[in-house]
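As structure tokens, the structure follows; a few thoughts come after it.
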Amino acid sequence: IEGGKMAHINLRLKKDLFVPKFYPILFDYSHRWEIYMGSAGSAKSYFITQKLIIRACKEQIRILVCRRTATTIRNTCFSLFKDIIAKWQITPYVNIRESDFNIKFPNGSEIIFIGLDEETKLLSLNNIGCIFVEEAYEVPKNIVEQLNLRLRGSTTNQQIIMAFNPISKNHWLYNFCEVEPPASFVFLHSTYKDNPFLSREYVAELEELYKRNPQKAR
């Protein structure tokens, strides 16, 4: 932590903490739409969480993290953010509110966790610089379009980040990502084979699963 009018957290993190396939985009905020499609075990959500914590430390930004329903937030997104903050030993320097799923950083950055079924809370949010939609395949296209309209603050390089498992060609995300992607767009496709941090036991379990259901390994 550095002192001054507004304290900052200076992270010193080794490159080998990050999945190599994703590392080149760790500090790249240039695409408005940043999309991760990956199978179970591909570490897409873990990497996105790492990236967002780093950005919150680097600059003052309000980040919205959301899933389709509020009941899934505590044990998924919110829990993962807390785990990585603890691993990086910065828990004493941030304010984590369990009551309303909120994390504040000493430089004024804020990470807000909300279910997309909490319409009144969503309508009250302003000056959001980045939105992370976890399990985006659960979310209707019209809601994602509304989230895009909420990125209207003063933050430079505003982003919507979405993560989801492989989807069918009938899902709206297939057309969005594969057929008619937006102009400012990056699409990262990963599998468990891209994640060097998996144990042999977990890889064996995944491979057994994918033998039974190859669609999940795409």
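The values are calculated or read from the model by the stated rules, or taken from the named source; none is laboratory data. All values reported here derive from a predicted model rather than from experimental measurement. Don't worry about glycine lacking a Cβ; one is built from the backbone with ideal geometry, like all the others, and counts go over all protein chains shown. When the accessible area is computed, the model is the full protein with side chains, heavy atoms only, and any ligands, DNA or RNA have been set aside. Shrake-Rupley method; radii C 1.70, N 1.55, O 1.52, S 1.80 Å.
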Item to check | Of [x] 0.93; [y] 0.95; [z] 0.99, the label for Rg/Rh (Cα atoms, Kirkwood Rh) derived from the coordinates | outcome: [y]
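Please give the calculated 222 nm ellipticity per residue for the chain, where each DSSP H segment of at least 4 residues contributes -39500 (n - 2.57) and the sum is spread over every residue; nearest 500 deg cm²/dmol?
Values: 5 runs with 52 residues, N = 218.
Helix contribution divided over all residues of the chain: -7000 deg cm²/dmol.
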Checklist entry - Which percent of the accessible area of the chain is formed by carbon and sulfur heavy atoms (probe 1.4 angstrom)? => result 49
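When only C-alpha pairs under 8 Å and at least 6 residues apart count, what is the relative contact order of the chain, in percent? Before the final figure, lay out each step's value.
Values: 356 pairs, mean separation 68.0, N = 218.
Reported relative contact order: 31 percent.
Can you give me the relative contact order of region 12-141 as a percent, contacts being Cα pairs under 8 Å and 6 or more apart? Intermediate values should be presented prior to the final figure.
Values: 152 pairs, mean separation 39.3, N = 130.
Taking the mean separation of contacting Cα pairs over the length of region 12-141, I get 30 percent.
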Checklist entry - Using a Gaussian network model of the chain with C-alpha springs under 10 Å, which one of 192, 137, 23 is most mobile by mean-square fluctuation? => result 23
Checklist entry - Looking only at 182, 92, 140, which one moves most when the chain is put into a Gaussian network model with springs between Cα atoms under 10 Å? => result 92
Checklist outcome for this item: Note to self: with every protein chain in place and a 1.4 Å probe, region 15-166 gives an accessible area per residue in Å² of 41
Next on the checklist: Taking 35 Å as R0, compute the FRET efficiency from the Cβ-Cβ separation of residue 97 and residue 209 and round it to 0.05.
Outcome noted: 0.45
Checklist entry - Fully extended, how many nm does the chain gain between residue 58 and residue 74 (0.36 nm per residue separation, minus their Cα-Cα distance)? => result 3.2 nm
Checklist outcome for this item: Beyond 31 Å (Cα-Cα) in this structure, taken from 14/82; 169/211; 58/169; 14/121; 87/141; 14/211, we find 58/169; 14/121; 87/141; 14/211
Next on the checklist: Pairs of alpha-carbon atoms within less than 8 angstrom and 6+ residues apart define the contacts here; what relative contact order does region 107-208 have, in percent?
Outcome noted: 23
Next on the checklist: Which aspartates and glutamates, if any, have their Cα less than 17 Å from the Cα of residue 15, not counting same-chain residues under 8 positions apart?
Outcome noted: 28, 194
Item to check | Most mobile listed residue (156, 49, 120) in the chain, GNM with C-alpha springs under 10 Å | outcome: 120
